Amino acid sequence: VYKELLDAYALIGRIGVGCVFFGSARLDRSSAFWALAVDLARDVALLLGSATWTGGGPGMMHAASEGAVQAGMRVGGIRIGLEAGQVGGGCQRGAAAEEAAKACKTYLPEVRALTHVWRCGV
């Protein structure tokens, strides 16, 4: 757990502090909320001029990542490692490079690190 937390903080140091988005991994692109999440993340990233962070998953977190990319801002994700056969989204596919994502084996480092992003940033 300690090593995962240090790795997550190192990732935050590389990408920078910013706004954190969490939401349903089940949000589909066909939902009206998808476009709203993209727009909100884009507008917040432009307003703050900072990175966007998510749980690195699909759904709303992927939509937020897309919005930040549209704004030309950096995207990072700290997520729980996936079990065999599970499909990820957000930071690990498309919206940001793999080096912008950190997978944790337990929930504590993910939540603690993302809380640190918010507390230190905005």
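What is the range 1-89 by shape, rounded, prolate or oblate, if you read a ≥ b ≥ c off the alpha carbon gyration tensor as root eigenvalues and call it rounded for a/c under 1.5, prolate for a/b larger than b/c, and oblate otherwise?
oblate
Once both labels are modelled 7 Å past Cα along the beta-carbon direction, what's the residue 2-residue 33 spacing in nm?
4.0 nm
Under 5 Å between amide H atoms, partner at least 5 residues away or on a different chain: which partners does residue 80 have, H built in plane at 1.01 Å?
Here the answer is 104, since their amide H atoms fall under 5 Å of that of residue 80.
How large, in percent, is the carbon and sulfur part of the accessible surface of the range 1-48 at a probe radius of 1.4 Å?
Carbon and sulfur: 65 percent of the exposed surface of the range 1-48.
The values are calculated or read from the model by the stated rules, or taken from the named source; none is laboratory data. The model shown is predicted, which means the values in this text are computed figures rather than measured ones. Every residue, glycine as well, gets a Cβ built from its backbone with ideal geometry; the counts of neighbours run over all protein chains shown. Heads up: the accessible areas ignore ligands, DNA and RNA and are worked out on the full protein's heavy atoms, side chains in. Shrake-Rupley method; radii C 1.70, N 1.55, O 1.52, S 1.80 Å.
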